[in-house]
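So the structure is just underneath, and the comments pick up after that.
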Amino acid sequence: MKLPAGKIPADLLQNVVFKHLGIKRKEVILGPRVGEDGAIVEVGNKILITSMDPITGALERIGWLAVNVNANDIATFGVRPTLFSSCILLPENSTPETVETMCKQMDTAAKKLDIAIIGGHCETTPGITHPIVVGTALGITEKNRYVTSGGAKPGNALILTKGVGLEGTAILATDKQKLLERQFSKTFLKKAANFYNRISVVEDAVQAFEAGGVTAMHDPTEGGVAGGIHELADASNVGARVFEAKMPIRRETREICEFFKIDPLQLIGSGALLIAAENNCEDKILEALREHGIEASIIGELLKEKGKRNIIRDNGVTKPLVRPLSDHLWKALKQR
């Protein structure tokens, strides 16, 4: 069986990857688990949160994305990221200017988030056609001062910040600019490309966590918001009911997705944050976010029946929430 582009299927993680994890150590509070994008390790009287993600489907802002996407994973624990390292893999035709551009992007992103870049590796790698950056971010917190994707409970409200498919929209507006210019103005595409500036969810997560009542958080990356909802539900062993009409989808995202005939809910979604909230805590979380200029909406609720994950369409029809086999970004990037 040939694997799809992007993340490998969850059953392959469970049945293969998670069965080969070395020894068990008492310091590891949370190790690899479906729906969790980081690990929790006890170090003395502190807690270390660590995550790793590659940037493979973007070219224009690859260094910027490497820092922000990994920082987002730390933030979903309610913890500010403070440290970053990277492994930069370059195709054989790369130049010193390529390295400088990527490093400047990482430096700018790290300074904006108060992150120190502490090391990594950089090489020219035979056999690849475009640069790849694998990043690792870390954050430090106190014991019991964090949440995980697996903490949500039935009856929790499900909140989404900012909007659907922001990262994918920005990637397509830049990497597929010439193709999109056949239908859209340069002003329209520039606005879509500027979604890159909304990709960080560090403030979203920290402000929500500080407001109180957050049981779980997850950022929808590959697989988009649809995939992110499934991942949070997998981690928490719950079901979900969400409403299409309550999903904030920006005009640029909707029209670019229509152009490529892809589903915005299955488009890589860094920049949005899924928040599970205790009953009667939704309003104070929403208010805390809005005080910091972060738009947020209640898009549904979590259910006891873990196999029940539905979306109520705009026409009122209830459908199963699609679990993406592969992010729709890859479908769009193949088009010419």
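The values are calculated or read from the model by the stated rules, or taken from the named source; none is laboratory data. Quantities reported herein were computed from a predicted structural model and do not represent experimental measurements. Positions of Cβ are backbone-derived with ideal geometry, glycine not excepted, and every protein chain shown enters the neighbour counts.
Laid out as a table, the results:
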quantity: Check on ALA276, at pLDDT 95 or above, out of contact with any helix residue (DSSP H, G or I) (no Cβ under 6 Å at 6 or more places or on another chain) and within 28 Å of GLY57 (Cβ to Cβ); calculated: yes
quantity: Scan of region 34-55 for residues that are more than 16 Å from the chain's Cα centre (by Cα) and closer than 20 Å to ASP234 by Cα, ordered by number; calculated: ILE40
quantity: Subset of region 222-241 [surrounded by fewer than 24 Cβ atoms within 10 Å (Cβ to Cβ) and either under 11 Å from the mean Cα position of the chain (by Cα) or not in a helix (DSSP H, G or I) (or both)]; calculated: ASN237, GLY239, ARG241
quantity: Condition check for ARG198: closer than 27 Å to LYS331 by Cα and of a type in the set (Lys, Arg); calculated: yes
quantity: Matching option when the condition is modelled with pLDDT of 95 or more, outside the structural domain of ASN72 (by TED's automatic domain parsing), more than 18 Å from MET247 (Cβ to Cβ) and crowded, with 23+ Cβ neighbours inside 10 Å, among LEU172, LEU158, LEU166, LEU189; calculated: LEU172
quantity: Region 94-111 - residue that is out of contact with any Leu (no Cβ under 7 Å at 6 or more places or on another chain), in contact (Cβ under 8 Å) with a residue 24 or more places away in the chain and more than 17 Å from ALA137 (Cβ to Cβ) and, of those, surrounded by the fewest Cβ atoms within 10 Å (Cβ to Cβ); calculated: LYS104
quantity: Count of residues meeting criterion [assigned to a helix (DSSP H, G or I) and either among the hydrophobic types (A, V, I, L, M, F, W, C) or touching a residue at least 40 places away in the same chain (Cβ under 8 Å) (or both)] in region 155-194; calculated: 17
